[in-house]
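The structure appears below as structure tokens.
The values are calculated or read from the model by the stated rules, or taken from the named source; none is laboratory data. This is a predicted model, so every value here is computed, not measured. Cβ atoms come from the backbone with ideal geometry, glycine included; neighbour counts cover every protein chain shown.
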Amino acid sequence: MTPRSRIFATFCAALVFLRAPASAGQADFNDVGKCMAIALQNGHFARQPFSRLSSRFLENYLKALDPGKLFFTRQDIDRFEQSYGESLDDLLLKGECMTAASDISRTFGLRVAARVEEAGRLLAAPPFDFTQDESIPASRKDATWPRDESQAMILWRQQVKEALLAEILRREAAVPGQESATGEKSPGEKLAARYRRVLADVEADSAPAKVASTFLSSVAQAFDPHTDYMNTRDVELFNEDMRNEINGIGVGIRADPNGATLIRSVVRNGPADRQGSLQPGDRVIAIDPDGEGPRESLDILFMGSDRVAELIRGSAGTPVTLSVEPATGAPGAATISILRGQVPVEESLASAQLIRVKGDSGERKLGLITLPSFYRDFEKSRTACSLDVEKLLLRLKGEAIDGLLIDLRGNGGGSLTEVERMTGFFTRPSPVVQVKDGYGKIAVLESTADDPLYGGPLVVLTDRGSASASEIFAAALQDDNRAVIVGEAATFGKGTVQVIKDLGSSMPFFTARSGAGALRLTVQKFYRPSGLSTQNRGVIPDIVLPGPGDGRERGESDLDFALGPDRIALAPAFHPLDRNRLFIPELARKSAARVAASRDFTYLLEDAQRLKQFIATNRVSLNLERRREEIGANAATAKERDEERRVRFAGMAAADGEHLSIDSFTLADLAGGAALRQAAPEPLPEKDLLSGPALPWPGGLDPQKREAIAVLGDLIDATGRAI
């Protein structure tokens with residue numbers, strides 16, 4: 001097998017799960033753990049000694065169960081370390097790991113039950129005193145375990161007090177009359193119900209399969225953040241995501257402060273939209289995932305959105321029944337039954353815009369392609385982002401565009417095959433990425449297109465959410481000096497390659513293997529054509545812009561046990577273009593002047609600084625008046641910004657009306673021969689500390705996109721002068 005075909009097969013394996021041969025009976029998770037341990041020991045890229053990782057396995061499992069260090073005590077931890085701290089590796093390889101996993105899980109359930117019982121007692125007693133000068137850590141990630149149950153209950157009392165204070169403040173900020181319309185219970189009653197839901201979730205997670213899933217994931221993730229155990233449902237969802245194919249009812253959901261799950265949106269032409277009863281704003285309070293099947297309706301109050309989504313999604317053609325409080329405020333809950341089906345995912349496919357900019361020298365046409373992921377269906381070979389981008393690019397070329405912007409913000413990656421082909425749209429035959437395996441062997445993948453599909457000025461927009469395949473694409477174009485990269489300080493920094501290993505097929509032939517799941521295993525690292533690794537460091541843009549992600553810990557380097565960066569030699573036969581053709585110093589100077597003059601970028605910098613200070617301080621006050629003052633100060637700042645933006649946005653909209661025209665088109669529009677249509681405004685992003693303004697971005701262009709368009713205009717001008 002050639003290096004090229006070997007890498008192609010590797011990435012196919014990473015995207016397609018091959019089902020294990022049928023075998024009667026549920027797999028014994030002791031056997032699954034042994035099989036996974038052998039695969040980790042023999043196949044992980046880093047070749048870490050398995051025998052030295054036992055304490056890390058334990059640390060990860062405890063963190064997965066109790067990340068805030070509120071339930072276990074130091075006494076518990078000492079017992080776990082004495083019993084399992086140096087033996088989990090042996091227990092895994094001997095096929096005896098579930099005894100330890102179940103013991104720790106059982107202890108966790110007892111501690112949660114005790115905390116919930118105490119919460120009920122506290123909330124039924126006279127109210128807390130919120131006049132004291134008291135505070136607690138905002139995050140207990142780096143805190144120590146409470147010494148014993150006595151100290152744990154003191155910490156727990158503070159947590160309950162803070163949760164009750166937050167509920168009181170939330171209600172003070174609610175729209176007048178909303179509470180009576182929704183029939184909310186008192187803050188204490190609502191909080192008690194929430195804690196009961198926590199206990200119910202923990203009890204549900206004590207089932208053997210759930211315990212095994214959490215424990216085996218903790219073991220796998222001790223090797224690196226992207227190595228993971230996947231249960232059978234995880235695998236199904238993974239394959240659906242890669243195919244851009246979702247089986248459900250077609251709704252967007254989010255947690256409602258009252259405990260219900262709010263229907264945020266209904267996907268057009270999806271199963272719920274066709275059924276017609278469910279509307280945005282409705283609140284789901286219970287779900288029967290089997291429709292009229294054997295399971296009763298499950299109360300989902302204060303259930304996490306991920307768990308709710310799991311109940312809603314399912315095989316096409318199967319029913320799901322929802323108990324819904326209508327958004328109209330009508331009394332009682334309606335029962336709505338919907339047949340699941342394939343949900344249209346147009347918003348997750350590539351799309352494009354044609355931007356006409358009028359200036360003194362005439363009209364300039366700019367193309368914008370937005371790519372949410374590098375998707376590909378390896379099974380049917382009908383869905384591939386490179387095919388979609390090619391169609392959009394040809395349509396834009398038909399409009400004689402002067403420059404192109406590719407928006408990869410939030411693009412978490414996908415298929416390397418698609419990256420390889422897409423890079424060829426913009427370059428001559430050239431190295432795209434180098435891949436090294438655990439034995440040190442290096443293969444180079446190249447774009448093979450004879451001639452680029454588009455050879456004009458090119459800008460790529462990234463952010464901290466651009467990861468993996470997105471980083472390969474951006475880095476290849478940056479190393480080749482083919483495009484100007486614009487965006488937040490760095491991309492995510494995922495420079496590793498995973499394959500999906502079916503554990504059931506690796507188990508002994510006569511062993512029960514149903515539900516064994518799979519192992520997502522890191523087997524390679526990728527490197528830029530220049531030899532640099534994007535691992536941890538990401539891709540550093542040529543022109544850095546302030547972004548909503550500034551101030552947050554949300555990159556690869558912030559994850560536990562992330563592999564480190566390194567570098568290898570320059571790819572053979574790599575001859576980049578002349579970097580002077582990109583005019584980076586000139587473009588950066590002009591961009592910096594615009595950013596410095598932008599109020600919106602100034603707001604982002606202020607928010608980032610405030611967030612950094614909050615994280616560094618790591619304290620939350622339990623004094624009611626002080627919290628009111630903090631909320632009031634934030635509200636005043638948000639109001640001041642809204643008022644300033646209202647005036648400024650009106651002026652920007654008027655100027656856009658004279659000088660800017662934006663038309664959008666999707667793949668469906670191309671297939672149906674639809675004409676270009678005016679772009680819809682984009683919503684403003686949510687803020688962490690300050691409420692976002694109520695106005696849409698002028699022209700539907702957020703600050704980063706607007707600035708990237710300006711950089712593209714500068715590149716076109718500079719390129720024109722150089723000809």
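Among residues of the range 551-562 being surrounded by 20 or more Cβ atoms within 10 Å (Cβ to Cβ) and assigned to a loop (DSSP other than H, G, I, E, B), the one that is modelled with the highest pLDDT is Gly555. A search for C-beta distances below 7 Å between a residue of the range 352-371 that is within 26 Å of Ser470 (Cβ to Cβ) and in contact (Cβ under 8 Å) with a residue 24 or more places away in the chain and any residue that is among the β-branched types (Val, Ile, Thr) and part of a strand (DSSP E or B), counting only pairs 6+ apart in sequence or on different chains, returns Ala352/Ile369; Gln353/Ile662; Ile355/Ile662; Leu366/Ile355; Leu366/Val357; Leu368/Ile355; Ile369/Ile406; Leu371/Ile406. Given the condition under 28 Å from Asp241 (Cα atoms) and either acidic (Asp, Glu) or at pLDDT below 90 (or both), answer yes or no: does some residue in the range 348-362 qualify? Scanning the range 348-362, I find at least one residue that is under 28 Å from Asp241 (Cα atoms) and either acidic (Asp, Glu) or at pLDDT below 90 (or both), so the answer is yes. Total residues in the range 659-711 satisfying the condition of being touching a Pro at 6+ places or on another chain (Cβ under 6 Å), at pLDDT 75 or above and under 21 Å from Val460 (Cα atoms): the figure is 1. Counting the residues of the range 442-453 that are surrounded by fewer than 18 Cβ atoms within 10 Å (Cβ to Cβ) and hydroxyl-bearing (Ser, Thr, Tyr) gives 1.
What is the one condition in (1) at pLDDT 95 or above; (2) more than 30 Å from the chain's Cα centre (by Cα); (3) more than 21 Å from Met153 (Cα to Cα) that Glu59 does not satisfy? So the condition that Glu59 fails would be (2). With the structure loaded, tell me whether Leu396 is touching a strand residue (DSSP E or B) at 6+ places or on another chain (Cβ under 8 Å) and assigned by TED's automatic domain parsing to the domain that holds Leu371 or whether it fails that test. So Leu396 fits the description; yes. Among the candidates Thr491, Thr522, the residue that is crowded, with 21+ Cβ neighbours inside 10 Å, touching a residue at least 40 places away in the same chain (Cβ under 8 Å) and outside any loop (DSSP other than H, G, I, E, B) is uniquely Thr522. Pro546 fulfils the conditions (1) in contact with a Leu (Cβ under 6 Å, 6 or more places away or on another chain); (2) over 30 Å from Thr719 (Cα atoms); (3) not hydrophobic (A, V, I, L, M, F, W, C) except for a single criterion, (2). Scanning the range 525-550 for residues that are without any contact (Cβ under 8 Å) to a residue 60 or more places away in the chain and either in a loop (DSSP other than H, G, I, E, B) or acidic (Asp, Glu) (or both) returns Ser530, Gln535, Asn536, Arg537, Ile540. Of the residues making up the range 617-664, those that are in contact with a strand residue (DSSP E or B) (Cβ under 6 Å, 6 or more places away or on another chain) and of a type outside the set (A, V, I, L, M) are Asn618, Arg619, Ser621, Arg627, His659, Ser661, Asp663, Ser664.
A quick yes/no check of all residues on (1) in the same structural domain as Asp201 (by TED's automatic domain parsing); (2) surrounded by 15 or more Cβ atoms within 10 Å (Cβ to Cβ); (3) of a type in the set (A, V, I, L, M); (4) assigned to a helix (DSSP H, G or I):
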residue: Leu110; (1), (2), (3), (4): yes, no, yes, yes
residue: Ala114; (1), (2), (3), (4): yes, yes, yes, yes
residue: Ile136; (1), (2), (3), (4): yes, yes, yes, no
residue: Arg140; (1), (2), (3), (4): yes, yes, no, no
residue: Trp145; (1), (2), (3), (4): yes, yes, no, no
residue: Gln151; (1), (2), (3), (4): yes, no, no, yes
residue: Gln158; (1), (2), (3), (4): yes, yes, no, yes
residue: Ala163; (1), (2), (3), (4): yes, yes, yes, yes
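Contact annotation: no residue pair with Cβ atoms under 7 Å, 6 or more positions apart or on different chains, pairs a residue in the range 498-512 that is under 22 Å from Ser468 (Cβ atoms) with a partner that is acidic (Asp, Glu).
Pairs linking a residue in the range 700-712 that is closer than 17 Å to Ala596 by Cα to a residue that is part of a helix (DSSP H, G or I) and among the charged types (D, E, K, R), with Cβ atoms under 6 Å and 6 or more positions apart or on different chains, are Pro703/Asp600. In the set Ala638, Ala655, only one residue is out of contact with any Phe, Trp or Tyr (no Cβ under 8 Å at 6 or more places or on another chain) and surrounded by 13 or more Cβ atoms within 10 Å (Cβ to Cβ); that residue is Ala638.
Listed by first and then second residue, the pairs with beta-carbon distance under 9 Å, at least 6 apart or on different chains, first residue in the range 622-645 and more than 14 Å from Ala173 (Cβ to Cβ), second in a helix (DSSP H, G or I) and of a type in the set (A, V, I, L, M), are Leu622/Leu165; Asn623/Leu165.
Kindly indicate whether Thr99 is at pLDDT 95 or above and under 34 Å from the mean Cα position of the chain (by Cα). Considered against the rule, which asks whether it is at pLDDT 95 or above and under 34 Å from the mean Cα position of the chain (by Cα), Thr99 comes out as yes. Quick one: how many residues across the range 570-601 are farther than 28 Å from Met652 by Cβ and aromatic (Phe, Trp, Tyr)? Residues in the range 570-601 being farther than 28 Å from Met652 by Cβ and aromatic (Phe, Trp, Tyr): 1 in total. Residues in the range 401-426 that are hydroxyl-bearing (Ser, Thr, Tyr) and buried (at least 23 other Cβ atoms within 10 Å of the Cβ) were compared, and the one that is nearest to Pro572 (Cα to Cα) is Thr423. Asp201 falls short on exactly one of the conditions (1) over 18 Å from the mean Cα position of the chain (by Cα); (2) at pLDDT 90 or above; (3) more than 17 Å from Val32 (Cα to Cα), and that condition is (2). Scanning the range 259-277 for residues that are surrounded by fewer than 22 Cβ atoms within 10 Å (Cβ to Cβ) and of a type outside the set (Gly, Ala, Ser) yields Leu262, Arg264, Val266, Val267, Arg268, Asn269, Asp273, Arg274, Gln275. For the residues Phe223, Phe215, the requirement of being at pLDDT 95 or above, over 23 Å from Thr107 (Cα atoms) and touching a Ser or Thr at 6+ places or on another chain (Cβ under 9 Å) singles out Phe223. No other residue among Ser337, Ser361 is surrounded by fewer than 15 Cβ atoms within 10 Å (Cβ to Cβ) and not assigned by TED's automatic domain parsing to the domain that holds His659 apart from Ser337. Would you please name the residue that is surrounded by the fewest Cβ atoms within 10 Å (Cβ to Cβ), looking only at residues in the range 427-441 that are within 28 Å of the chain's Cα centre (by Cα) and of a type in the set (Val, Ile, Thr)? Only one residue tops the list, namely Val435.
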